[in-house]
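To keep things clear, I will list the structure first and then write my remarks on it.
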Amino acid sequence: MAEFQQAPTVLDSGDLEPVETAEWLASLRYVLDAEGPKRARALVTRLNEVLAQEGLATHGPLNTPYINSIPLDRQPPYPGDRALEERIESLIRWNAMAMVSRANHEHHGIGGHISTYASTATLFEVGLNHFFQGKGDGHSGDLIYFQGHASPGLYARAFLEGRLSEQQLIHFRQELAPGGGLSSYPHPWLMPDFWEFSTVSMGLGPILAIYQARFNRYLADRGLLDTSRQKVWAFVGDGECDEPETLGEITLAAREQLDNLIFVVNCNLQRLDGPVRGNGKIIQELEGVFRGAGWNVIKVIWGGDWDALLARDESGLLVRRMGEVVDGEFQKYSVSPGAYMREHFFGRYPELLELVAHLSDDELHGLLRGGHDPAKVYAAYQAAVETVGQPTVVLAHTIKGFGLGEAGEGRNVTHQQKQLNEQEYREFRSRFGIPIPDETVSQAPFYRPADDSVEMQYLRKRRQELGGYLPMRNAQPLSTKTPRIEEFPDSVAGSDEREVSTTMAFTRHFGRLLKHKEIGRLIVPIIPDESRTFGMDALFRQFGIYSHAGQLYEPADSEQFMYYREATNGQILEEGLTEAGAMSSFIAAGTAYSTHGLNMIPFFIFYSMFGFQRVGDLIWAAADMRAKGFLIGATAGRTTLIGEGLQHEDGHSHLLAMAYPTIRSYDPAYAYETSVIVMDGMRRMFEENETAIYYLTLHNENYKMPTIPDGVQEGIVRGIYPLATADAGSGRPRVQLFGSGAILREALRAQRLLAERYEVSSQAWSVTSYTQLRREAQQAAHWNLLHPDEPRRSCYLEHVLAGQQGPFIAATDFVRAVPEQISPWVPGGLFALGTDGLGRSDTRERLRRHFEVDAECIALAALTQLAQRGQFEKSRLSKAIGELGIDPAKLDPLLA
Ligand SMILES: Cc1ncc(C[n+]2csc(CCOP(=O)(O)OP(=O)(O)O)c2C)c(N)n1
Ligand SMILES: [Mg+2]
């Protein structure tokens, strides 16, 4: 911990020249008083430069002493009625606690959290009373990422505001109760008019907030929307700061000078199991990290009652003691009587005991931490909103479970405290002065003052003046006319003799979309350092890479046509190597329709292996937040992306995508399929207002692209269409071959093998989406289950396959479970070939044989299925294996 402790004071026993030190300090004090802080800082900087030239210290310490960053004499006057605000906060505290506790008395184990909000109440309330702009005054308001586990406090406030009913509070965490209930955490999917951002998966709120703030800048820099008045606030837990997503992108915020971004870290020193840094100081650690990253850091450690003590601390020993004590010890003070603190905190130095001799034990115990003092919090927020050129983090010292007393305040178990007993209700009620009589307190009734009471009037007035209630999600139906595929004939035309990949074809189509006069400028291309891999570097020069600073250098490739062009109004978000950051940008753009009333159309193009598997939780949050847009998993396919091997070759993203209900996933084989899916998705999402995200995998295998056949568009979009028939003569056996993505061509080659060598007829189908086929079938099944007296509904798959005889063989570059998901709706079932197993590097031919998805293996599977049905002689199978050149002793790819 040494590095986080405060710098030695002048009176440190190691100071052998105290007179000289005093002279230097007096000079500095003179400059500060006479010429101001700017000049003082310039002098110190100059001194540092001299030291640096001597090879000595080059920078100041990242930590300041363990005291408030804003001294009392720079604290602005508090603009509100503190007594009234305190009363309102107490009522919210009570109702929040009562809501969780009652739900748990009613339904044991239903869960919820009391202690997180108890620690953050003042941090929220000061913001809601004085800072956070609502959406009602002509701009789209501040964007607030509330700490997810503090949701009870926001419900309790909305209850006072008259936005939620008592019935809804009673149904906390009982969303299926008659009349509906309240979701456990902030979930826009579940409460689309209330919650705006999904924050409960630790770490996602902070990273989303950073990219939201940057996206707001992007909109302004591109001239699309004036976001200059909007702030982005993120409330973060101190335990949450251990998540890599929380701190992993903070340098971006500083680099981009996001002074529209404010983090408030609720440093209650505890996480779920115990202290965050029992043996250290989380506030000091975070101060060093954020300051090092270039943030403005404001520490709110001590409440106002400490000011008098600090003023009398002439020796500097109080400040020193504050810096010495580790967090585990501070936590102990909050659960112990004041005598303990007197002995262990102040008792370390006789001078400090003297300093607090006039205070009783109870008064010592009641000394507030900064995060519970509205005046200190206000001062910090005011400084934060006035900061120019830097993001700000407010590190606020609080107590977890503040006010819960014996029921949990500061205790290691407090995070899990979900219900109070009668005695604890009584104490809580008295502690916060809630006017509930003894007779009814055991019921923990919700308390709401009369509408015309001063509290309620004040509460409403504050929010009216700030532009309306928060949190609030404001998604108005928005329809943007999107172009039709007919406007892009080149995107569905064949490539003649040229061999191209779906990635190349997509990139060309994408370039055409970007140039489109109406929707082009709404498109947000997002790429994490992979543009060259996908041939997208051609877009750099034309559309520019977004950088608020523009381009301050001459690029190394400036002589070239496709040079690396950065521009303030650049359109491309080239995020660098951060899929998590890129996904956060996707979410900011994909929810712009609700946060900004602006349809932006994000395309996040990434290495498919590093999508669902890498940032699946962010994609889940995107679904929760009703984000729209295109996820493009390029270089997909376990056997199609050759050479790269086990960690790169994606054969399962479609399996993962299947579980995300709003994601429509496609594995197209041809350029025209890709274009049709993109245009249909764009229309559905941005013109028809469907809430969905499209996931397309693209490949890098080059082949000739055919021209779109007539009448296939519906099939492409719904998931399957017939492609080619091979007729081996009447009376010959017949199979159905399903192929997808790059493996479609293997299915077509198998069709020829079967016809030419074994006189087997076949129908080949292109299956663009097994998942879409299954979903539609499931919906029909759901209806049929519940409506036995109505005519049975058939699904698209049954409709398309009606009259077709099996066997049905599917081959995919993804795991077998992807095609197998439609098996129940395929007459006689489906035999699937897929790429189950860890990948490896080799050529396409060898990989496809290894995973048994090449034409020969497909043909063999077809013959085997025919043999099982008595339509092919079983005894001919081993011969066929030999004829097809398949080694019967080959490895089983599953665990090879
Ligand atoms: C990614 C993730 N992992 C685990 C959890 C479960 N969890 C919820 S809150 C919590 C502790 C939070 O501590 P902190 O961030 O300090 O918040 P506090 O409640 O103390 O304000 C944990 C482990 C989660 N919500 N998300
Ligand atoms: Mg905490």
Counting only residues in the stretch 857-896 that are among the polar types (S, T, N, Q) and assigned to a helix (DSSP H, G or I), the one farthest from THR835 (Cα to Cα) is identified as SER875
In the stretch 446-457, the residues that are within 36 Å of the chain's Cα centre (by Cα) and not basic (Lys, Arg):
PHE446, TYR447, MET456
Residue selected from the stretch 226-237 under the condition farther than 13 Å from ILE210 by Cα and in a loop (DSSP other than H, G, I, E, B), by the criterion nearest to ligand 1 (Cβ to nearest atom)
GLN230
Residue satisfying all of: in the stretch 856-867; surrounded by fewer than 24 Cβ atoms within 10 Å (Cβ to Cβ) and in contact with a Leu (Cβ under 7 Å, 6 or more places away or on another chain); farthest from THR812 (Cα to Cα) among these:
ALA867
Read through the list (1) over 19 Å from GLY741 (Cβ atoms); (2) touching a Phe, Trp or Tyr at 6+ places or on another chain (Cβ under 6 Å), then give the number of the only condition that ARG664 fails.
(1)
So which residues in the stretch 716-738 are part of a strand (DSSP E or B) and either without any contact (Cβ under 8 Å) to a residue 24 or more places away in the chain or farther than 18 Å from TYR758 by Cβ (or both), if there are any at all?
ILE720, TYR721, PRO722, LEU723, PHE738
Per the filter on the stretch 873-889, residues surrounded by 12 or more Cβ atoms within 10 Å (Cβ to Cβ) and either in contact (Cβ under 8 Å) with a residue 24 or more places away in the chain or among the hydrophobic types (A, V, I, L, M, F, W, C) (or both) are LEU877, ALA880, ILE881, GLU883, LEU884, ILE886
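Condition check ((1) touching a helix residue (DSSP H, G or I) at 6+ places or on another chain (Cβ under 6 Å); (2) at pLDDT 95 or above; (3) of a type in the set (S, T, N, Q); (4) crowded, with 19+ Cβ neighbours inside 10 Å) across all residues:
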| position | (1), (2), (3), (4) |
| --- | --- |
| GLY294 | yes, yes, no, no |
| SER315 | yes, no, yes, no |
| VAL319 | no, yes, no, no |
| PHE330 | no, yes, no, yes |
| ALA339 | yes, yes, no, no |
| GLU343 | no, yes, no, no |
| GLU363 | no, yes, no, no |
Scope the stretch 108-148; condition assigned to a helix (DSSP H, G or I), in contact with a Pro (Cβ under 8 Å, 6 or more places away or on another chain) and within 14 Å of ligand 2 (Cβ to nearest atom); matching residues:
TYR117, GLY148
Hey, GLU245 crowded, with 22+ Cβ neighbours inside 10 Å, among the charged types (D, E, K, R) and within 9 Å of ligand 1 (Cβ to nearest atom) or not
yes
Would you be able to say whether some residue in the stretch 237-246 is modelled with pLDDT of 95 or more, more than 25 Å from MET322 (Cβ to Cβ), more than 9 Å from ligand 2 (Cβ to nearest atom) and not acidic (Asp, Glu)?
yes
Could you tell me whether LYS281 is surrounded by 23 or more Cβ atoms within 10 Å (Cβ to Cβ), within 16 Å of ligand 1 (Cβ to nearest atom) and not β-branched (Val, Ile, Thr)?
yes
Need pairs with beta-carbon distance below 9 Å; first residue at positive phi and within the stretch 149-165, second modelled with pLDDT of 95 or more; sequence gap 6+ or separate chains.
GLY162/ARG448; GLY162/ASP451; GLY162/MET456; GLY162/ARG460
Considering the stretch 395-408 alone, what residues qualify as being more than 13 Å from ligand 1 (Cβ to nearest atom) and touching a Lys or Arg at 6+ places or on another chain (Cβ under 8 Å)?
GLY403, GLY405
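The values are calculated or read from the model by the stated rules, or taken from the named source; none is laboratory data. In this text, all values refer to a predicted model and were calculated from it rather than measured experimentally. Neighbour counts run over all protein chains shown; Cβ positions are idealised from the backbone, glycine included.
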